[in-house]
Every structure is written in structure tokens, then in C-alpha cells.
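To start, the structure under review is shown below, and the notes come after it.
The values are calculated or read from the model by the stated rules, or taken from the named source; none is laboratory data. Since this is a predicted model, take the numbers as computed values, not measurements. Cβ placement follows ideal geometry from the backbone for every residue including glycine, while neighbour counts extend to all protein chains displayed.
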Amino acid sequence: MAAFLGNVPAILGQLPDLLLLTDILFYVFAIMFFGSIAVRGFRGHMHAIPHFGLRILMGVVSVMGGLGLQDFFTPFFGGGIYQLLNVDLFIGMLISSLILCLGLYLVSFRLVNIPSLKKQIEKMRKRIEKAKKVPRQKLGWRDPVKIVGIVIIVGLLVFSLSQFNELTRPSNSFLSAFGIDPDSIEDLSNQFAAPEGCESVITLLQETGPDITGLPEFTGEKVKGMVEAEAGSSVLIMRTATHDGKEYIIAVTKDSKICSATIEKVCGCIDTTQFGG
């Protein structure tokens, strides 16, 4: 337990990076999942690598379209458990992928590749025979069905690009569902972060305890001036604390900030009023 508590500052310091990683994984999953839905509409035969590339491309367009459509569903699915699960974004991406699926289906509706089709298993033979019966004039790109499919795909692509501003952070919706301001996570992380050769205030207070009045007093005017310049407030008391064999200064300011410093520089300050005291 002691070892775990000792690692808490490091874990919280990495929290923004961990949340960013979850966002990246979310979008990788969304691209692959909704891309697989979209390519199901493609009726032609395609080898594995081009098929995978098409899946990724359609997945990216589905995600972008979903981000553009998200605002339409937020009034209905933007609170409570729906916000927690990003339901509004999922619905937008699902609709986009289904539209792309329809577009690909129409584009490839009369797409014939007889040599490749003949290599498929028995169940594909009926499709080859059906494809042979299609009038030759309808096999080209002037086929109205293909044109409709192209219009659907291009239309959604244009809509997605016009509506796309930036990627939504799914983790922000998750945090907001619990009443947590996503910006406060960054602030919390900064409380534990410290420049090289420093230790954060919270790390030092974990070792000394919240009451620092019993620690040795420090009276260096140079450090006091640096702390006051950093905190923007006058220093009330300064005490020394030792961590990993190195001496640090803990200072409390008039406006309830607590700062850590060394002889050479200020390591950082926290505003205790953010924590209710």
C-alpha cells in the first residue's frame, strides 16, 4: 500500500496522457468498426490489402461524418448514461457508415469482375450468372445506379469535411458525465508535475504531512522574492523539508497558495482554495 501511495503523484501526473491514449484507442476502434460496416456494401471482389485500405478510408469518413452529425443527436442523447457512453457520437458515426454502405452498394451494384468471381467458392457462381445477364450498356460508369451511389458518397464526404473542426475527446464526455471538468484533470496533473531537479508541493506534503509549522524555519530573502514573484502574493511562512536527501523550501502565501522551491528556483505552486480550503 505504501508503495502504491508513493506512485500516486506519478500516476496522476501521467493522467492527461492516459486519457489521450484512451481517445486514440477509441478512434482506432471506431475507424475499424464503422469502416467494416461501410465496406459491406461493396459488391465487387477485392483483394485483402485494397479491401483493408478501403475499410480504413471509409472508417475515417464515417468518423468525420459522425462528428458532423453528433450535434443533431446531442439534445436527445447528451446527458446521463448517454453522455457517459458517447451515444450521440456513436449514432452519428453509425448513420454515416450506413450511408457509405448504401453508396458503395450502388456504386458496385453492377460491377462485374468475372475472372475474380470464378475463383470464389460455390455460392458465388449464381452471382456470376446473374452478372452476365446485365445489359452491357449498364456495366459502365454511366449507369444511373452507380451515379447515385457516387453522389451519396461524395455528398457525405463534402458534408463531413465542411462540418469537421476538430476531433471530439470522448474522455471529456466521460468525465463530464460524472460532473468533472476535463480542464481540472490537466490542472491536477500540473499540481504533481515539477521541473527537473524539483519536487511538487503535493509530493513534499505527502512526506511531511499537511501541518508544516513544526518544520525548520527558512529565512532566505532571495527565495522569498522568487516565490512571491511566482505566486503573485506575499509569503507568510517558509519551512524546509527533506526529500530523497535533498532540501526543499515549502512556502505559504497570503492568498492561500503553497509553493515548493529550491535555493535556485521555484518548483511550483498550488492554490489550496481549489480544494475547498
May I ask you to list the residues in the stretch 134-152 that are of a type in the set (K, R), over 42 Å from the mean Cα position of the chain (by Cα) and either modelled with pLDDT of 65 or more or closer than 14 Å to S108 by Cα (or both)?
K138, R142
Qualifying residue in the stretch 214-226 (condition: over 30 Å from L25 (Cα atoms), surrounded by 18 or more Cβ atoms within 10 Å (Cβ to Cβ), at pLDDT below 85 and not small (G, A, S)):
no
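This table checks each residue for (1) at pLDDT 80 or above; (2) more than 30 Å from S108 (Cα to Cα); (3) in a helix (DSSP H, G or I).
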{"position": "V154", "(1), (2), (3)": "yes, no, yes"}
{"position": "S160", "(1), (2), (3)": "no, no, yes"}
{"position": "S173", "(1), (2), (3)": "no, yes, yes"}
{"position": "P195", "(1), (2), (3)": "no, yes, no"}
{"position": "E247", "(1), (2), (3)": "yes, yes, no"}
{"position": "A251", "(1), (2), (3)": "yes, yes, no"}
